[in-house]
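Written below as structure tokens is the structure these notes are about.
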Amino acid sequence: MAAKLKKGDKVVVLAGKDKGKQGEISAVFPKENKAVVDGVNIAIRHTRQSQNSQGGRVAKAMPIDLSNLSLMDANGKATRVGFREEDGKKVRFAKTTGDVI
């Protein structure tokens with residue numbers, strides 16, 4: 001099945017502690033059905049000091065389930081993703097506006 005959400009897409013969080021926050025997808029894990037969104041689902045990780053890094057508490061974006069994310073349309077609102085064929089190519093489009101993504 002084609003991916004509805006891809007790396008670089010602007011998304012809005014629909015559920016969870018970060019509901020309503022917006023960000024850009026930096027990584028997608030299709031087998032786990034999760035994605036990493038910049039600035040969303042932040043956790044503190046403790047790192048040991050080494051020659052290369054200072055160490056301490058580091059904020060890190062953790063994966064969030066794809067079902068809790070929705071693509072943002074041109075108006076900045078959440079939209080569902082549809083597929084259609086244009087010029088022999090399969091393209092994604094926003095259901096609210098009908099614009100090709």
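For Asp18, the criteria (1) farther than 20 Å from Ala3 by Cβ; (2) open to solvent by 40 Å² or more (accessible area, probe 1.4 Å); (3) of a type in the set (D, E, K, R); (4) not in a strand (DSSP E or B) hold in every case but one, which is (2).
Within the stretch 53-81, the residues that satisfy the criterion of being among the hydrophobic types (A, V, I, L, M, F, W, C) and in a loop (DSSP other than H, G, I, E, B) are Met62, Ala74. Within the set Ala43, Ala2, the sole residue that is over 13 Å from the mean Cα position of the chain (by Cα) and at pLDDT 95 or above turns out to be Ala43. Any residue in the stretch 82-101 that's touching a residue at least 60 places away in the same chain (Cβ under 8 Å) and in a loop (DSSP other than H, G, I, E, B): show its pairings with residues that are basic (Lys, Arg) and surrounded by 11 or more Cβ atoms within 10 Å (Cβ to Cβ) at Cβ separation under 9 Å, as long as the two are six or more apart or on different chains. As it stands, the answer is Ile101/Lys6; Ile101/Arg92, since those pairs meet every condition given. Within the stretch 31-52, restricting attention to residues that are assigned to a strand (DSSP E or B) and open to solvent by 80 Å² or more (accessible area, probe 1.4 Å), which residue is nearest to Leu66 (Cα to Cα)? Selected residue: Arg45.
The values are calculated or read from the model by the stated rules, or taken from the named source; none is laboratory data. Predicted model only: the values in this text are computed from it and were never measured. Ideal geometry is used to build each Cβ from the backbone, glycine not excepted, and the neighbour counts take in all protein chains shown. Keep in mind that these areas ignore ligands, DNA and RNA; they rest on the heavy atoms of the full protein, side chains included. Shrake-Rupley method; radii C 1.70, N 1.55, O 1.52, S 1.80 Å.
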